[in-house]
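> Can you keep this structure in mind? I'll have questions shortly.
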Amino acid sequence: EKMLRRAIRVAPLKGGRRATSCYNQFRSSSNVAQESPLSTLDPPKIVPVTYPKVFFEIRADEVWLGRVEMELYTDTCPKTAENFRSLCAGDRGLSYKGTPIHRAFKEYLIHGGDITAGNGTGGKSIYGRTFPDENFSRSHVGEGVLSMASKGPDTNNSQFIITAAPRCTNLDNKNVVFGRVTKGIEVVRKVAAWATAANNRPKSRIIIWKCGEVNPDQDLRVS
């Protein structure tokens with residue numbers, strides 16, 4: 001019986017290898033796998049997109065209503081975002097400074113940015129009178145969506161809208177979304193709810209008193 005047990009313990013496997021040597025080989029290969037350089041690599045880091053930010057300071061007649069900060073989607077709409085950024089910074093001879101919010105719709109949106117006529121009939125971009133729709137990849141979902149106001153396909157200039165409702169998806173595929181409000185949505189709501197006259201024009205003169213780019217420490221440019 002002892003001889004039989006000993007024969008079972010050391011019985012050679014196919015090819016003349018012993019079970020004990022097979023086990024040792026398995027242990028050795030496991031150690032190699034654990035020490036592989038690939039197992040010591042750090043997982044890839046996800047770097048969040050940093051969007052440029054701009055701001056408006058808004059007044060109604062001589063009353064300061066507050067400050068609105070917006071981030072611009074330079075990843076999906078770089079050309080549209082750059083037009084708006086430049087008009088806030090005033091670094092190409094055109095600026096939103098002193099221009100009115102010429103239409104207000106309670107619990108819906110505000111409309112401004114006519115830098116030439118001030119009433120919605122004008123406007124001008126940094127690329128010329130108008131420029132094409134960049135894309136419609138983003139939707140008007142959530143308060144504070146920033147998009148272009150236009151008179152039809154490919155007629156963007158300086159005019160913009162900012163939503164004051166949770167959903168304005170009726171504007172999708174018509175108005176290019178290129179940013180959103182990050183601070184001051186209460187100011188947008190206040191302007192949207194302002195008393196209006198004919199054609200939803202505010203009874204007070206509501207203007208962009210100051211505008212510029214935002215820096216984490218200070219305002220980079222103020223037009």
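> Of the residues ALA104, ALA195, which single one is open to solvent by 40 Å² or more (accessible area, probe 1.4 Å), touching a Pro at 6+ places or on another chain (Cβ under 8 Å) and at pLDDT 95 or above?
When all the criteria are applied, what remains is ALA195.
> Inspect the stretch 121-144 for any residue being open to solvent by less than 10 Å² (accessible area, probe 1.4 Å), within 20 Å of the chain's Cα centre (by Cα) and either closer than 21 Å to ASP75 by Cα or among the basic types (Lys, Arg) (or both) and give the result as yes or no.
Yes: one or more hits.
> Let me spell it out: the conditions are (1) open to solvent by 10 Å² or more (accessible area, probe 1.4 Å); (2) within 19 Å of MET70 (Cα to Cα), and GLY93 meets all of them except one. Which number is the exception?
(2) is the only condition that GLY93 fails.
> Moving on to the next point. With (1) on the phi > 0 side of the Ramachandran plot; (2) of a type outside the set (A, V, I, L, M, F, W, C); (3) buried (at least 18 other Cβ atoms within 10 Å of the Cβ); (4) over 17 Å from the mean Cα position of the chain (by Cα) as the list, and SER150 as the residue in question, which single condition is left unmet?
If we test SER150 against (1) on the phi > 0 side of the Ramachandran plot; (2) of a type outside the set (A, V, I, L, M, F, W, C); (3) buried (at least 18 other Cβ atoms within 10 Å of the Cβ); (4) over 17 Å from the mean Cα position of the chain (by Cα), just (1) comes out false.
> List the strands (runs of 3 or more DSSP E) that sit entirely inside the stretch 83-173 and contain at least 3 residues that are in contact (Cβ under 8 Å) with a residue 40 or more places away in the chain.
101-105, 109-112, 160-163
> Then there is this: Would you confirm whether any residue within the stretch 168-179 is small (Gly, Ala, Ser), over 21 Å from LEU65 (Cβ atoms) and under 19 Å from the mean Cα position of the chain (by Cα)?
The answer is no, given that none of the residues of the stretch 168-179 is small (Gly, Ala, Ser), over 21 Å from LEU65 (Cβ atoms) and under 19 Å from the mean Cα position of the chain (by Cα).
The values are calculated or read from the model by the stated rules, or taken from the named source; none is laboratory data. For clarity, every value in this text was computed on a predicted model and none was experimentally measured. With ideal geometry, Cβ positions are generated from the backbone for all residues, glycine too; neighbour counts draw on all protein chains shown. Accessible surface is based on the protein model in full, side chains and every heavy atom, while ligands, DNA and RNA are left aside. Shrake-Rupley method; radii C 1.70, N 1.55, O 1.52, S 1.80 Å.
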